[in-house]
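J.: I'd like to ask some things about the structure below.
The values are calculated or read from the model by the stated rules, or taken from the named source; none is laboratory data. Everything quoted here is computed from the prediction, not taken from an experiment. Neighbour counts run over all protein chains shown; Cβ positions are idealised from the backbone, glycine included. The accessibility values were calculated without ligands, DNA or RNA, using every heavy atom of the protein model including side chains. Shrake-Rupley method; radii C 1.70, N 1.55, O 1.52, S 1.80 Å.
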Amino acid sequence: QAKGVDFCEIDVMVGSSQRREMSERACSSSVPQTFVDGNHIGDCTRLYALDAEGKLNAKIGLDS
């Protein structure tokens, strides 16, 4: 939200099939997991690291 990017949040805590699918796609059971255009970006820690490295904007389709 802080970056002004539209996103779809899927509550995997409600549906076990959705959690299983996310876990398989991300190779991780921790939440949240972030995907951009179907590509796995990572968990919350990874997002903060990418932002600190100045790489997040490019990953989410924003100019640097």
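J.: State whether one or more residues within the range 47-57 are in a helix (DSSP H, G or I), under 18 Å from Phe7 (Cα atoms) and in contact with an Asp or Glu (Cβ under 9 Å, 6 or more places away or on another chain).
T.: Yes, there is a match, as at least one residue in the range 47-57 is in a helix (DSSP H, G or I), under 18 Å from Phe7 (Cα atoms) and in contact with an Asp or Glu (Cβ under 9 Å, 6 or more places away or on another chain).
J.: Quick check, is Asp43 charged (D, E, K, R) and open to solvent by less than 70 Å² (accessible area, probe 1.4 Å)?
T.: Values: charged (D, E, K, R): yes; open to solvent by less than 70 Å² (accessible area, probe 1.4 Å): yes.
Answer is yes for this residue.
J.: Between a first residue in the range 30-44 that is farther than 10 Å from Lys59 by Cβ and a second residue that is of a type in the set (Asp, Glu) and open to solvent by 40 Å² or more (accessible area, probe 1.4 Å), which pairs have beta carbons less than 8 Å apart while being 6 or more apart in sequence or on different chains?
T.: Ser30/Asp43; Val31/Asp43; Pro32/Asp43; Gln33/Asp43
J.: Continuing with this model, one more query. Any chance the range 52-63 includes a residue that's loosely packed, with under 11 Cβ neighbours inside 10 Å, in contact (Cβ under 8 Å) with a residue 12 or more places away in the chain and among the small types (Gly, Ala, Ser)? I'd like the intermediate steps shown before the answer.
T.: So in the range 52-63, the residues loosely packed, with under 11 Cβ neighbours inside 10 Å come out as 52-54, 61, 63.
Subset that is in contact (Cβ under 8 Å) with a residue 12 or more places away in the chain: 61.
Subset that is among the small types (Gly, Ala, Ser): 61.
Yes, the range 52-63 contains a residue that is loosely packed, with under 11 Cβ neighbours inside 10 Å, in contact (Cβ under 8 Å) with a residue 12 or more places away in the chain and among the small types (Gly, Ala, Ser).
J.: Quick one: is Ser16 open to solvent by 60 Å² or more (accessible area, probe 1.4 Å), out of contact with any helix residue (DSSP H, G or I) (no Cβ under 7 Å at 6 or more places or on another chain), among the polar types (S, T, N, Q) and without any contact (Cβ under 8 Å) to a residue 60 or more places away in the chain?
T.: yes
J.: Do you know which residues across the range 22-47 are at pLDDT below 85 and not hydroxyl-bearing (Ser, Thr, Tyr)?
T.: Met22, Val31
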